[in-house]
Amino acid sequence: MQTRAPNDPTVREFTATVTGIDGQVVTLDHTYFYAESGGQPPDIGTLSDISVTDVQSADGVVKHTLASTPTFDIGDDIIGIIDDEFRNYCMRAHTASHIIYGAGRQILDNLGYGGFGINSEKIRVDFTTTTPIDDETLIKLEQLTNRTVWESRDVTWETVPTAEAAAREDVAFNTKTEEGVMSDADSVRLVDIDGWDVAACGGTHVGNTSAVGPVTVLERSNPGEGMTRIEFAVGPTGIDRRATQHRALRETAIALETNIINLSDRATALRDERDELESRVNDLEAKILDSAIADFESTQTDTAVWRIGSITEISVGVNDAGEAAKRALKSPSNIDHEGVPHGSVIAIVGTGERPFVVIAADDASEVNAGTVIDELTDTYGGGGGGGPSFAQGGGLAASPSTVRSTLREWDQ
């Protein structure tokens with residue numbers, strides 16, 4: 001005995017004879033409760049006023065699990081009532097998945113059907129396709145789906161020989177849930193959305209696409225190699241999502257002193273303006289850093305002129321300080337008062353409680369920046385490293401003035 005739900009999805013109340021009772025599991029001579037299958041959840045409702053919590057099909061028998069031990073006996077005629085709201089939701093959701101797949105056929109290459117599932121908040125359809133599904137593709141899928149809903153296309157179903165269905169190029173087969181069943185069956189049930197999509201399916205469906213209502217695409221993801229998952233909503237969840245998005249768009253448009261239609265152009269203009277301002281600020285900050293380094297106190301050794309100091313004009317991090325130190329090395333070579341050229345070393349000490357240090361040295365200085373940092377961290381703790389021309393360290397347990405003094409007394 002199989003469920004009659006797929007072929008008579010509008011039946012909500014029926015009378016049936018009890019054929020078996022095993023604890024809280026009941027079987028009937030016939031049923032209109034949908035048994036969980038192919039991604040569609042089982043119906044809920046009552047049998048003789050006792051809640052039905054699960055419906056499963058095994059070995060051709062539909063088993064209804066009740067919330068409590070039944071008060072009726074085998075052979076009794078009882079009344080089954082199917083929850084109308086939940087059944088309608090599942091019918092709309094399942095039909096919507098077929099509409100979306102049909103939309104995918106319009107715009108996606110090498111489309112395959114990889115799976116389907118319904119829960120109370122959203123529905124998923126898994127595709128295999130060689131077409132990248134970007135934001136524009138998602139918008140197009142949603143647009144085509146809702147247009148098909150608006151067009152009020154008839155939805156019908158029939159059972160045909162399996163060989164006939166397999167020979168048709170227009171029939172979609174869900175290889176995750178249908179192929180194993182059909183391999184042993186002489187016939188297969190086809191659900192046909194007039195002029196849009198035909199699929200092998202055992203679920204419940206509405207009789208016309210207009211009954212689906214608005215469809216809202218929510219997210220996309222990649223659950224497996226070559227697979228794209230589209231999640232969407234019908235009913236209240238989708239309506240609430242659209243309202244939230246519309247509200248956010250309107251509030252954003254008001255904040256940016258434009259309207260929704262021109263919001264993208266306005267956002268692009270503001271982004272370009274921001275990028276230009278950031279570039280100008282970066283240039284100004286670089287000039288401030290370069291000027292500050294030029295004013296550092298100089299210390300001369302036999303091979304190098306050291307410029308040692310801290311940046312106090314602006315807040316600067318270790319990375320920006322490092323870039324500034326490297327730039328400073330490109331300034332004209334230092335000449336001592338006797339006219340003998342020297343190499344150059346730039347040392348910038350942070351101003352924090354546990355300061356950083358960056359060292360940049362040219363070849364003529366005969367100073368190994370990495371060695372300087374190693375000895376500083378050996379003395380004051382912290383960590384860091386680098387090579388001969390550039391190195392940095394941080395977390396030194398010494399004041400900035402102490403570190404600067406140590407560097408001024410440096411002796412290769």
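The values are calculated or read from the model by the stated rules, or taken from the named source; none is laboratory data. Bear in mind that the values here come from a model prediction, so they are computed numbers and not experimental data. Cβ sites come from the backbone with ideal geometry, for glycine too, and all protein chains shown count toward neighbours. Protein only, heavy atoms only, side chains kept; ligands, DNA and RNA dropped before computing areas. Shrake-Rupley method; radii C 1.70, N 1.55, O 1.52, S 1.80 Å.
State all residues of region 15-48 that are under 22 Å from Thr69 (Cβ atoms) and among the aromatic types (Phe, Trp, Tyr); if no residue qualifies, say none. Passing the criteria: only Phe33.
State whether the residues of region 350-360 include one that is part of a loop (DSSP other than H, G, I, E, B), charged (D, E, K, R), more than 19 Å from Thr406 (Cα to Cα) and within 47 Å of the chain's Cα centre (by Cα). No, there is no match, as no residue in region 350-360 is part of a loop (DSSP other than H, G, I, E, B), charged (D, E, K, R), more than 19 Å from Thr406 (Cα to Cα) and within 47 Å of the chain's Cα centre (by Cα). Within region 366-383, at least one residue is within 24 Å of Ser291 (Cα to Cα), open to solvent by less than 60 Å² (accessible area, probe 1.4 Å) and in the same structural domain as Asn319 (by the TED database).
Of all residues in region 110-133, which are among the basic types (Lys, Arg) and closer than 17 Å to Cys201 by Cα?
Matches in region 110-133: Arg124 only.
What do you reckon, is Thr252 farther than 27 Å from Ile359 by Cα, polar (S, T, N, Q) and either surrounded by 10 or more Cβ atoms within 10 Å (Cβ to Cβ) or free of Cβ contacts under 8 Å to residues at least 12 places away in the same chain (or both)? In short, yes. Somewhere in region 82-105, is a residue over 30 Å from Val217 (Cβ atoms), more than 25 Å from the chain's Cα centre (by Cα) and assigned to a strand (DSSP E or B)? No, because not a single residue in region 82-105 is over 30 Å from Val217 (Cβ atoms), more than 25 Å from the chain's Cα centre (by Cα) and assigned to a strand (DSSP E or B).
Kindly evaluate Val160 against the criterion of being part of a strand (DSSP E or B), under 22 Å from Pro9 (Cβ atoms) and either open to solvent by less than 40 Å² (accessible area, probe 1.4 Å) or in contact with a helix residue (DSSP H, G or I) (Cβ under 7 Å, 6 or more places away or on another chain) (or both).
yes
Every residue in region 137-159 that is closer than 14 Å to Ser97 by Cα, out of contact with any strand residue (DSSP E or B) (no Cβ under 7 Å at 6 or more places or on another chain) and either touching a residue at least 60 places away in the same chain (Cβ under 8 Å) or among the acidic types (Asp, Glu) (or both), please. Within region 137-159, just Thr148 meets the criteria. Within region 368-412, the set of residues being assigned to a helix (DSSP H, G or I), in contact (Cβ under 8 Å) with a residue 60 or more places away in the chain and farther than 19 Å from Gly322 by Cβ comprises Arg408 only.
Taking region 1-71 and the strands (runs of 3 or more DSSP E) fully enclosed by it, no element has 1 or more residues that are at pLDDT below 95 and touching a helix residue (DSSP H, G or I) at 6+ places or on another chain (Cβ under 9 Å).
For first residues located in region 10-25 and acidic (Asp, Glu), partners that are open to solvent by 40 Å² or more (accessible area, probe 1.4 Å) and lie 6+ apart or on another chain with Cβ distances below 6 Å form the pairs Glu13/Ile81. Entry remark, region 76-115: residues being in contact with a helix residue (DSSP H, G or I) (Cβ under 7 Å, 6 or more places away or on another chain) and farther than 16 Å from Val155 by Cβ number 5 in total.
Please verify whether Leu284 is part of a helix (DSSP H, G or I) and either β-branched (Val, Ile, Thr) or open to solvent by 90 Å² or more (accessible area, probe 1.4 Å) (or both), treating the condition exactly as stated. Yes, satisfied. If you go through region 54-106 and pick out every residue that is farther than 20 Å from Gly38 by Cβ, open to solvent by 70 Å² or more (accessible area, probe 1.4 Å) and either without any contact (Cβ under 8 Å) to a residue 40 or more places away in the chain or charged (D, E, K, R) (or both), you end up with 6.
Determine if region 231-245 includes at least one residue that is within 30 Å of Leu111 (Cβ to Cβ), open to solvent by 80 Å² or more (accessible area, probe 1.4 Å), touching a residue at least 24 places away in the same chain (Cβ under 8 Å) and assigned by the TED database to the domain that holds Asn110. Taking every residue of region 231-245 in turn, at least one turns out to be within 30 Å of Leu111 (Cβ to Cβ), open to solvent by 80 Å² or more (accessible area, probe 1.4 Å), touching a residue at least 24 places away in the same chain (Cβ under 8 Å) and assigned by the TED database to the domain that holds Asn110.
The residue that is surrounded by the fewest Cβ atoms within 10 Å (Cβ to Cβ), among those in region 315-329 that are more than 14 Å from Lys287 (Cα to Cα) and free of Cβ contacts under 8 Å to residues at least 60 places away in the same chain, is Gly317.
Residue-wise test of (1) open to solvent by less than 20 Å² (accessible area, probe 1.4 Å); (2) in a strand (DSSP E or B); (3) on the phi < 0 side of the Ramachandran plot.
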{"residue": "Val191", "(1), (2), (3)": "yes, yes, yes"}
{"residue": "Gly195", "(1), (2), (3)": "no, no, no"}
{"residue": "Gly203", "(1), (2), (3)": "yes, no, yes"}
{"residue": "Ser210", "(1), (2), (3)": "no, no, yes"}
{"residue": "Arg220", "(1), (2), (3)": "no, yes, yes"}
{"residue": "Glu257", "(1), (2), (3)": "no, no, no"}
{"residue": "Leu270", "(1), (2), (3)": "no, no, yes"}
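For the residues Thr312, Thr299, the requirement of being within 30 Å of Pro355 (Cβ to Cβ), of a type outside the set (Gly, Ala, Ser) and open to solvent by less than 40 Å² (accessible area, probe 1.4 Å) singles out Thr299.
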